[in-house]
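Colleague: One structure, pasted below without further comment.
The values are calculated or read from the model by the stated rules, or taken from the named source; none is laboratory data. Remember, it's a predicted structure, so these values are computed and weren't measured experimentally. For neighbour counting, all protein chains shown are included, and Cβ atoms are generated from backbone atoms with ideal geometry for every residue, glycine included.
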Amino acid sequence: MYITITPQKMGANYSQSSGDFVGYLEKENQGLEQQDMEHFFNQFSDEISAEEVVKEIDGNTVKLKKKEPKFYSITVSPSKYELRKLENSSQDLTCFVDFFNPKLYI
């Protein structure tokens, strides 16, 4: 399994808002039925709106300097072997993140 944690930048500067990144992630849901969409989640809820994600992340950066990252992107990429072992890939990956990284949420 390949996992990366990277600060989000726009060119040489760190983004001041998570809005563009959240919008980018939301494009994955375009044209999908509600039951097929991937949702944002945290330790309390499995379906958090994009607006709530932006509000919570952007509202939690008051003490950060302009040259510090405001948020990070976490990428979890299982190998082909690991994906074959997962019956419901999306749900199983969500459970994995929930179990091992409970403090990574919004």
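Colleague: Which of the following residues is more than 25 Å from Glu68 (Cα to Cα) and more than 17 Å from the chain's Cα centre (by Cα): Glu28, Glu38, Glu33, Glu47?
Modeller: Glu33
Colleague: Within the bounds of region 44-53, is there any residue that is modelled with pLDDT under 85, closer than 23 Å to Gly11 by Cβ and surrounded by 11 or more Cβ atoms within 10 Å (Cβ to Cβ)?
Modeller: No: region 44-53 contains no residue that is modelled with pLDDT under 85, closer than 23 Å to Gly11 by Cβ and surrounded by 11 or more Cβ atoms within 10 Å (Cβ to Cβ).
Colleague: Also, quick follow-up: Of the residues that sit in region 65-78 and are within 23 Å of Ser18 (Cα to Cα), of a type outside the set (Phe, Trp, Tyr) and assigned to a loop (DSSP other than H, G, I, E, B), which one is modelled with the lowest pLDDT?
Modeller: Lys66
Colleague: Next question, about the same structure. Is there any pair with a first residue in region 11-30 that is under 18 Å from Ile48 (Cβ atoms) and a second that is among the hydrophobic types (A, V, I, L, M, F, W, C) and not in a helix (DSSP H, G or I) whose Cβ atoms are under 7 Å apart and which are 6 or more apart or on different chains, and what are they?
Modeller: Matching pairs, first to second residue: Ser18/Phe71; Asn29/Met37.
Colleague: So, of the residues in region 32-64 that are touching a helix residue (DSSP H, G or I) at 6+ places or on another chain (Cβ under 8 Å) and not in a helix (DSSP H, G or I), which turns out to be nearest to Val22 (Cα to Cα)?
Modeller: Phe40
Colleague: Could you please give the count of residues in region 79-106 that are of a type in the set (Phe, Trp, Tyr), in a helix (DSSP H, G or I) and modelled with pLDDT under 70?
Modeller: Residues that pass the stated criteria total 3.
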